[in-house]
Amino acid sequence: MISRDEQRSLHRDAPLGWVERDARVVWHGFTQMTSYEQNVPVIVERAEGHELIDVDGKRYLDAISSLWVNTLGHRRRELDEALIDQVGKVAHSTMLGNGSRVVVELSEELAPRLPVDEPHLLYASDGAAAVEQALKISFQYWVNSGVEGRTTYLVLGDAYHGDTVGSLSLGAGGFGTDLFDPLRFGVIRAPGYADPLWCDYACAVVRERAASLAAVVIEPLVQAAGGLHVADPADVARLAHACRQAGVLLVADEVATGFGRTGSLFASERCGIRPDLLCLGKGITGGYLPMSVTAASGRVFQAFLGEDLGERTFYHGHSYGGNALAAAVALRHLRLLDELAIVKHVDRAASYLGERLAGLVSLRGVEGVRGVGLIRGVALASSGLPGRRGRLVCAEAVRRGVVLRPLGDVVVIVPPLDVGRAECDRIVDTLISAIEATDPEAANPGGADLEAADPRV
Ligand SMILES: Cc1ncc(COP(=O)(O)O)c(C=O)c1O
């Protein structure tokens, strides 16, 4: 097979392709740029509904909802209109010391839906920033309350809360981030949901070390990026109860699970918990614009009230927090979720997708299927370098027109919330053929060579 460099030298005067142009100037997150081009990236130009369309016009079903942010498909008419309407008013104005009409309207509609008592909403742009806010608020809550020594956090194994240094400290590591260990602050870590005894351990820490805990931080119901491990909702409720009894704040990170993903508007509802702080992001704008929010309960918020310019103030805020364009889309999106009865739809779609995926366990090399609602994972047996099998299978699925992305050797399936049965079939059938085509034990696995898997040739 002719190599890329050889191809290029044959066509020395040919204009650079989009992938080459991209690699020259863009640095992609969680991506080794040396092999970026060989791993056949899709360069998206536009989208329609659930499909992304690349620069060559090829269509791909977006089965990871553009990293779990997209809820109702791309170019949704109602959301486009809300955005255009807001552009005609104002795009952005600061939330530091001033307000924004559309943010007030959004907050008034969001607050009653949240599983938080008397919430006050502090906006930011990314999920990690919402988590940072929660950890700083919970820390200062105790300072403002005149309680000393509550300076650490109880978090779980397999947790993922984002990539900023604070959220990274709460997370369990992995994904190549262990080199940052010297930057991480210390936390107390209980086992994750994959351990059946996680809750007993976590509750014992809460009882015994309450006096040193600023907060317990969890992803309620499902640990998403940590491998799609699902908890018994009763265990999550038990931990919340232990926190309440010991007077420890509970932070629910619903950046991944919020806005219907697990079959209820928020996973906290499924678990019957009302956290003191709730972090939301990703789906809040239906996947249109970066927005995140930390919702603090009335009890927490009250602890920050005091004299003007006084020490009780929360001295924190992001330039783009409460962006008006994002707020307008988030408001329309919230109403649309109701109008479309999307939570009911997720339940139906999830049981169909779950049934279809259950069939995969009979395939060679599939170790198990897990997840909840429309956030699912298919665990593959590693072959060679950890993560390589996941990479190959997903590359093959992309070649066949379905965008999938692995977490190590777990293929993640997070379709839009209004996904249909035929699309679930397309995802599962493509995944089956991708697994079979790249089976390392098959005589001549197709697609095993990523260069040969280029969808553009
Ligand atoms: C539970 C959870 N918290 C926080 C984050 C970080 O969000 P962001 O990537 O928007 O910073 C993620 C991202 O996947 C997440 O799954």
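Just a few scattered comments:
- No other residue among Leu154, Leu122, Leu168 is aliphatic (A, V, I, L, M) and in a helix (DSSP H, G or I) apart from Leu168.
- Filtering region 58-72 to residues that are part of a loop (DSSP other than H, G, I, E, B) and touching a strand residue (DSSP E or B) at 6+ places or on another chain (Cβ under 8 Å) leaves Ala63, Ile64, Asn70.
- Whichever residue in region 277-288 is away from the ligand (no atom under 12 Å from the Cβ) and outside any strand (DSSP E or B) and, among such residues, is nearest to Leu106 (Cα to Cα): Gly286
- Within the set Ala134, Ala215, the sole residue that is in a helix (DSSP H, G or I), modelled with pLDDT of 95 or more, in the same structural domain as Gly306 (by TED's automatic domain parsing) and in contact with a strand residue (DSSP E or B) (Cβ under 8 Å, 6 or more places away or on another chain) turns out to be Ala134.
- Residues in region 195-226 that are out of contact with any Phe, Trp or Tyr (no Cβ under 9 Å at 6 or more places or on another chain) and of a type in the set (Gly, Ala, Ser): Ala202, Ala204, Ala210, Ala211, Ser212.
- Any hit, region 173-192, residues being under 17 Å from the mean Cα position of the chain (by Cα), part of a loop (DSSP other than H, G, I, E, B) and crowded, with 22+ Cβ neighbours inside 10 Å: no
- Against the numbered list (1) touching a strand residue (DSSP E or B) at 6+ places or on another chain (Cβ under 9 Å); (2) closer than 21 Å to Ala224 by Cα, Ser351 comes up short only at (1).
- Number of residues in region 66-93 that are open to solvent by 30 Å² or more (accessible area, probe 1.4 Å) and within 16 Å of the ligand (Cβ to nearest atom): the value is 3.
- Any hit, region 193-200, residues being modelled with pLDDT of 95 or more, within 14 Å of the ligand (Cβ to nearest atom) and buried (at least 19 other Cβ atoms within 10 Å of the Cβ): yes
- Residues that are in contact (Cβ under 8 Å) with a residue 12 or more places away in the chain, more than 19 Å from Arg261 (Cβ to Cβ) and touching a Gly at 6+ places or on another chain (Cβ under 6 Å) occur in region 158-174; there is at least one.
- With respect to the stated conditions, Arg335 fails to be within 16 Å of the ligand (Cβ to nearest atom) and assigned by TED's automatic domain parsing to the domain that holds Tyr193.
- Flag if Ala204 is over 16 Å from the mean Cα position of the chain (by Cα) and away from the ligand (no atom under 16 Å from the Cβ): yes
- Of residues in region 222-248 being within 16 Å of the ligand (Cβ to nearest atom) and more than 22 Å from Arg405 (Cα to Cα), the one surrounded by the most Cβ atoms within 10 Å (Cβ to Cβ): Val236
- Among the residues of region 156-192, those that are within 16 Å of the ligand (Cβ to nearest atom) and of a type in the set (A, V, I, L, M, F, W, C) comprise Leu156, Ala159, Val165, Leu168, Leu170, Ala172, Phe175, Phe180, Val187.
- Residues in region 249-276 that are of a type in the set (S, T, N, Q) and within 11 Å of the ligand (Cβ to nearest atom): Thr257 only.
- Which listed residue, of Thr262, Thr285, is crowded, with 24+ Cβ neighbours inside 10 Å, touching a Leu at 6+ places or on another chain (Cβ under 7 Å) and hydroxyl-bearing (Ser, Thr, Tyr): Thr262
- Any hit, region 292-312, residues being without any contact (Cβ under 8 Å) to a residue 12 or more places away in the chain, among the hydrophobic types (A, V, I, L, M, F, W, C) and over 20 Å from Ala91 (Cβ atoms): yes
- Residue check, Arg274 in a helix (DSSP H, G or I) and open to solvent by 10 Å² or more (accessible area, probe 1.4 Å): no
- All helices (runs of 4 or more DSSP H) inside region 304-402 with 1 or more residues being open to solvent by 50 Å² or more (accessible area, probe 1.4 Å) and at pLDDT below 95: 388-399
- Any hit, region 35-43, residues being touching an Asp or Glu at 6+ places or on another chain (Cβ under 9 Å), open to solvent by less than 60 Å² (accessible area, probe 1.4 Å), assigned by TED's automatic domain parsing to the domain that holds Ala350 and outside any loop (DSSP other than H, G, I, E, B): no
- Complete set of residues in region 181-219 that are out of contact with any helix residue (DSSP H, G or I) (no Cβ under 6 Å at 6 or more places or on another chain) and more than 20 Å from Pro275 (Cα to Cα): Asp181, Pro182, Gly186, Ala194, Asp195, Pro196, Leu197, Glu208
- Test: Leu67 is aliphatic (A, V, I, L, M), in contact (Cβ under 8 Å) with a residue 40 or more places away in the chain and within 30 Å of Gly373 (Cα to Cα): yes
- The lone exception for Leu122 - which of (1) at positive phi; (2) within 16 Å of the ligand (Cβ to nearest atom) it fails: (1)
The values are calculated or read from the model by the stated rules, or taken from the named source; none is laboratory data. This one's a predicted model, so the numbers in the text were calculated from it and none came from an experiment. Reconstructed Cβ throughout: ideal geometry from the backbone, glycine too, with neighbour counts over all protein chains shown. Heads up: the accessible areas ignore ligands, DNA and RNA and are worked out on the full protein's heavy atoms, side chains in. Shrake-Rupley method; radii C 1.70, N 1.55, O 1.52, S 1.80 Å.
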